[in-house]
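The values are calculated or read from the model by the stated rules, or taken from the named source; none is laboratory data. Predicted model, so just to flag it, every value in this text is computed and none were measured. Positions of Cβ are backbone-derived with ideal geometry, glycine not excepted, and every protein chain shown enters the neighbour counts. Only protein heavy atoms, including side chains, enter the accessible area calculation; ligands, DNA and RNA are left aside. Shrake-Rupley method; radii C 1.70, N 1.55, O 1.52, S 1.80 Å.
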Amino acid sequence: MGAREYTIMGRTGITLTRFIIETQAGHPAATGEFSALLAQIGLAGKLIAHDLRRAGLIQILGTTGGVNVQGEAANETFIKVFQYSGLVCALASEEMEKPVQLPENWPHGKYMLLFDPLDGSSNTDVNMPLGAIFSILRYEGKGGLPSAPELVRKGTEQVAAGYLMYGSSTMLVFTSGQSVNGFTLDPGIGEYLLSHENIRMPARGKVYAVNEGNYHKWPAGTRRYIDHLKESDKATGRPYSSRYSGCLAADVHRMLLGGGIYLYPGETDKPEGKLRLLYEANPLAMVVEQAGGRASTGTMRILEVEPKALHQRVPLLIGSAEDVSLAEEFIKGKR
Ligand code: FBP
């Protein structure tokens, strides 16, 4: 069931809160903690969207003296929304070297939240799409707060993941391991309404997103794959169109709805690429896989990558299953 005009009839158009309650009803053991956590992410999204919409007006330009003001502001918002929420026992941001210090003598939840507070930072002062990406893990440890190494977990251990997208409208898209659903913020009522129910990704697309400015830094297999996409061949829908927004969340959102592939490949002198495994690749890989797509390093499934460090980077190929499989063949030198 793809995206469709949301109406009040049927499930589309229902509020995020009702959707979460209905989903929770299917989990008798649910304590409501997870629902509250998702609702808090929605709140962070509303607050940041509000700031971003006014940014141009109050002249809060993206970079002042090299400091990513909006990235820091978004980071602060996530921390304010969660630090005293009692919903998490660990909070780690892509913007911070170490996890956020949570107050000791304060109630904690059983979830660990890893987040990229403002994705697409190069878009901040040019009014182009921005996003935020989140990954949710359950802490199984006994008592006390998890240490930083306990956040370094394989993508397959995520219990939920998703992203916020600040485009022409603000959207929250997430999965908790079953379907992928998208909610659009109706600023008039300040509510997220279900607008994209049970998103299924087309098996193959017609667009690709990559920073071709790095072409000469790529290994031969990656270059051959991008060349292949640009050759003319009606039967395979080539040439593909190039669509690179500078915001990973926005590009993946496009692929989720219309198919295609986003790549931030490894480079000959930087084989691990640019993107962060725990904050960017793992959560988006969970979303895309639940929608029928694939996410790979070029040689292995992103969610199977054994992480070694909180801020480790990983090459990322993500999108329609057939497109990612073909890209892997080129990168593995089979084509
Ligand atoms: P940030 O988290 O620092 O924004 O980096 C991620 C990102 O901005 C992605 O959103 C985007 O796809 C990519 O980096 C753009 O990188 P480049 O400018 O090197 O193409």
Report task. Any chance you could count how many residues in the stretch 89-123 are farther than 13 Å from Leu37 by Cα and either touching a Leu at 6+ places or on another chain (Cβ under 7 Å) or of a type in the set (Val, Ile, Thr) (or both)? Result -> 8
**Report entry** Inter-residue pairs, beta-carbon under 7 Å, first of a type in the set (D, E, K, R) and in the stretch 144-160, second open to solvent by 40 Å² or more (accessible area, probe 1.4 Å), 6+ apart
**Finding:** Lys154/Glu304; Lys154/Glu306
Query - the stretch 95-130 - residue that is assigned to a loop (DSSP other than H, G, I, E, B) and of a type in the set (A, V, I, L, M, F, W, C) and, of those, farthest from Leu52 (Cα to Cα) - result: Trp106
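Each row is one residue, and each column tells you yes or no for (1) open to solvent by 70 Å² or more (accessible area, probe 1.4 Å); (2) under 25 Å from His50 (Cα atoms); (3) out of contact with any strand residue (DSSP E or B) (no Cβ under 6 Å at 6 or more places or on another chain).
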position: Glu191; (1), (2), (3): no, yes, no
position: His216; (1), (2), (3): yes, no, yes
position: Pro219; (1), (2), (3): no, no, yes
position: His228; (1), (2), (3): no, no, yes
Report task. Specify which of the listed residues (Arg243, Arg294) is open to solvent by 60 Å² or more (accessible area, probe 1.4 Å), under 24 Å from Leu137 (Cβ atoms) and in contact with a helix residue (DSSP H, G or I) (Cβ under 8 Å, 6 or more places away or on another chain). Result -> Arg294
Query raised in the report: Scanning for something of a type in the set (Phe, Trp, Tyr) and within 16 Å of the ligand (Cβ to nearest atom), does the stretch 115-130 turn up at least one residue?
Result: yes
Query raised in the report: Of (1) aliphatic (A, V, I, L, M); (2) open to solvent by 20 Å² or more (accessible area, probe 1.4 Å); (3) touching a strand residue (DSSP E or B) at 6+ places or on another chain (Cβ under 6 Å), Leu278 satisfies all except one. Which?
Result: (2)
Report summary line: Out of (1) open to solvent by 30 Å² or more (accessible area, probe 1.4 Å); (2) more than 18 Å from Ala220 (Cα to Cα); (3) part of a helix (DSSP H, G or I), the one Ala309 does not meet is (3)
